[in-house]
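*Asks:* The structure's right below; bear with me while I get my questions together.
The values are calculated or read from the model by the stated rules, or taken from the named source; none is laboratory data. Since this is a predicted model, take the numbers as computed values, not measurements. Cβ placement follows ideal geometry from the backbone for every residue including glycine, while neighbour counts extend to all protein chains displayed.
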Amino acid sequence: MERGDLTGAILDGRYRVLEAVAEGAMGVVYRAERLKLGRIVAVKVLHDVLPNELSARKRFEIEAMAMAKLEHPHCASVLDVGVHNDRPFVVMEFVRGDNLKDVIATGPQPIGRAIEIVRQVLSGLAHAHEHGIIHRDVKPANLVLSHKTGLGDHVKILDFGLARLHDTGQNLTSGMVVGTPAYMAPEQIRGLTLDHRIDLYACGVLLFELLTGEKPYHSERDDPIEVCKLHLSAPIPRLEDKLPGVPFGALEAVIARALAKPVEDRYQTAHEFAVALEAVAPARTSRPALAPTPAPTSAAIQLASADVMPLDASYPPPVELRSGDLFTSDPPPPVPERPRAGPPAAKPRPASRTRRAVLAGGALVVLAAVAIWAIRGHDAPAAAPDGGVAPSAASSDPSADIVTRANDLAARGERDAALDLLLRARKQDPSNGPLAYTAGRIYFSKFYWTDGLRSFRDAIRLDPTYRTDPELIKTVLRGFITTPSYNDELASFLRDDIGAPARSFLEETARDHPSQAIRSRAAGELRRYR
């Protein structure tokens with residue numbers, strides 16, 4: 001039992017193995033119980049028959065390193081690592097739900113659902129790519145649809161066992177082709193240098209399979225070599241050839257680009273792929289096109305113009321929070337300039353409003369942006385001699401330059417750099433409301449609720465008009481209705497720090513949101529308002 005099936009074994013004195021649930025090329029996944037706490041976890045134990053010369057153990061260690069970096073609603077996270085009888089193991093969250101492979105086996109999925117699932121996968125991959133992590137084996141068997149939150153399909157990406165940290169500078173699979181043939185990009189099959197775009201190619205295969213129930217390239221004899229040859233040379237199949245009469249429309253072009261054989265002809269980022277999906281999603285076909293972005297690393301989807309709230313003096317009508325406005329790792333939209341702290345004043349309507357964007361996932365969360373400040377010809381503020389940020393000579397308000405620069409950094413996925421810039425600026429100018437407000441929104445885009453709320457409270461203290469700012473309220477509300485369980489910190493902020501202005505947003509959500517679970521949560525919170 002100790003060298004084979006580990007059922008019943010206690011690993012590292014902390015984890016009791018209950019049963020084997022899956023097995024892959026590198027190891028066996030067990031359902032286990034964390035002793036004392038009684039928490040159910042997944043434990044992946046490396047096969048003891050794998051020779052070290054194949055670098056299997058090294059790849060297993062890198063899997064743990066890679067997954068430990070991931071903190072995203074659509075990525076399964078690592079909780080612990082250890083060694084049992086010279087066999088390394090990784091402890092991960094135990095994800096309950098339906099394996100996507102079994103879902104696809106039931107037949108073609110509705111277009112809206114297929115797009116939603118792939119957008120969530122892109123959301124998790126965008127986060128991984130931002131950390132320099134390539135999955136390299138995206139396929140239905142590594143995806144689980146979890147329903148524990150009651151908010152519909154919620155995808156979790158599993159098994160970063162083939163993940164390669166982009167900055168390691170080492171090829172752990174030199175001379176080997178690693179992956180699953182049906183989902184491998186041409187350059188992956190050829191054993192060339194790989195980057196994050198192989199994951200996007202696999203998402204194209206996944207989308208085709210969800211829509212048609214069949215892989216774009218498959219062998220009647222189940223021959224992996226033949227499948228690889230098809231990826232390299234066969235024409236890209238059309239959706240309508242698989243399911244004649246189904247109105248796929250512009251999805252044909254999306255599939256064609258996602259599965260392009262030259263890597264430079266494909267979608268270059270998860271963001272770009274997700275934007276293309278948003279443009280053809282059935283419920284959003286009337287929405288305007290997105291502004292171009294400077295090669296962001298995170299995926300984003302555009303909201304309807306009705307979801308962009310005017311900053312009028314009168315309190316605006318609440319935005320509809322739909323199930324498509326979901327988890328994202330993307331940065332917040334650029335923050336408009338506001339008057340410095342003082343008596344509340346009417347806010348002028350801007351001449352043009354930046355389009356907002358978010359990535360679809362399995363529930364609602366932070367409002368993210370695809371509207372990005374123009375980068376060409378826009379220089380960053382110079383560093384001040386003391387390590388701070390020197391104001392632009394052309395700007396009458398130094399904070400406006402800093403806010404612009406921070407939004408540029410966040411839009412490119414450099415959110416930590418954006419926060420560092422804002423924190424340095426806030427030390428130099430602690431009475432500046434826009435700096436605190438911008439920091440709050442970027443913190444929320446990283447799911448750092450406590451830091452985000454602290455910054456929002458500072459912004460309100462410095463400029464009370466932020467209490468009725470619709471984007472601030474929407475950002476916090478989306479976090480509140482998204483968390484798997486009731487979050488008292490977010491609820492207290494809406495109730496005590498915002499108060500009456502938040503009521504209308506909650507009423508709209510409780511009345512019109514398509515999810516019964518979200519309507520119930522919003523309705524329950526309304527009863528706490530006096």
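Here is a yes/no grid of residues against (1) touching a helix residue (DSSP H, G or I) at 6+ places or on another chain (Cβ under 9 Å); (2) over 20 Å from GLY124 (Cα atoms); (3) at pLDDT below 95:
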position	(1), (2), (3)
VAL205	yes, no, no
GLU209	yes, no, no
GLY245	no, yes, yes
PHE248	yes, yes, yes
ALA276	yes, no, yes
THR285	yes, yes, yes
ALA291	no, yes, yes
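*Asks:* Now for a different question. What are the residues in segment 417-469 that are in contact (Cβ under 8 Å) with a residue 12 or more places away in the chain and small (Gly, Ala, Ser), if any?
*Replies:* Matches in segment 417-469: ALA418, ALA425, SER431, GLY433, ALA436, ALA439, GLY440, SER445, GLY452, SER455, ALA459.
*Asks:* If you don't mind, another one. Output the residues belonging to segment 250-259 that are modelled with pLDDT under 95 and in a loop (DSSP other than H, G, I, E, B).
*Replies:* The answer is ALA250, and nothing else.
*Asks:* Would you pick out the residues in segment 202-239 that are within 22 Å of ALA270 (Cβ to Cβ) and assigned to a loop (DSSP other than H, G, I, E, B)?
*Replies:* Within segment 202-239, LYS215, PRO216, ILE236 qualify.
*Asks:* Which pairs have Cβ atoms under 9 Å, sit 6 or more apart or on different chains, and link a residue in segment 251-273 that is assigned by TED's automatic domain parsing to the domain that holds ARG197 and more than 17 Å from GLN120 (Cα to Cα) to one that is of a type in the set (Ser, Thr, Tyr) and assigned to a helix (DSSP H, G or I)?
*Replies:* Cβ pairs passing all conditions: LEU259/TYR201; ALA260/TYR201; LYS261/SER233; VAL263/TYR201; ARG266/TYR201.
*Asks:* Return yes when HIS135 is in the same structural domain as PHE160 (by TED's automatic domain parsing), over 20 Å from LEU211 (Cβ atoms), touching a Phe, Trp or Tyr at 6+ places or on another chain (Cβ under 7 Å) and crowded, with 21+ Cβ neighbours inside 10 Å and no when it is not.
*Replies:* In short, yes.
*Asks:* Among residues belonging to segment 408-436 that are of a type outside the set (A, V, I, L, M, F, W, C) and within 19 Å of VAL476 (Cα to Cα), point out the one that is surrounded by the most Cβ atoms within 10 Å (Cβ to Cβ).
*Replies:* So the residue we want is PRO434.
Conditions tested, residue by residue: (1) surrounded by 22 or more Cβ atoms within 10 Å (Cβ to Cβ); (2) modelled with pLDDT under 90.
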residue: THR438; (1), (2): yes, no
residue: ILE473; (1), (2): yes, no
residue: PHE480; (1), (2): yes, yes
residue: PHE493; (1), (2): yes, no
residue: PRO501; (1), (2): no, no
residue: SER504; (1), (2): no, no
residue: SER515; (1), (2): no, yes
residue: SER520; (1), (2): no, yes
residue: LEU526; (1), (2): no, no
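*Asks:* Moving on to the next point. Any idea how many residues of segment 106-148 are under 12 Å from the mean Cα position of the chain (by Cα) and among the hydroxyl-bearing types (Ser, Thr, Tyr)?
*Replies:* The total comes to 1.
Per-residue answers, yes or no, for (1) at pLDDT 90 or above; (2) out of contact with any helix residue (DSSP H, G or I) (no Cβ under 6 Å at 6 or more places or on another chain):
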position	(1), (2)
GLY112	yes, no
ALA126	yes, no
HIS131	no, yes
LEU158	no, no
HIS166	no, yes
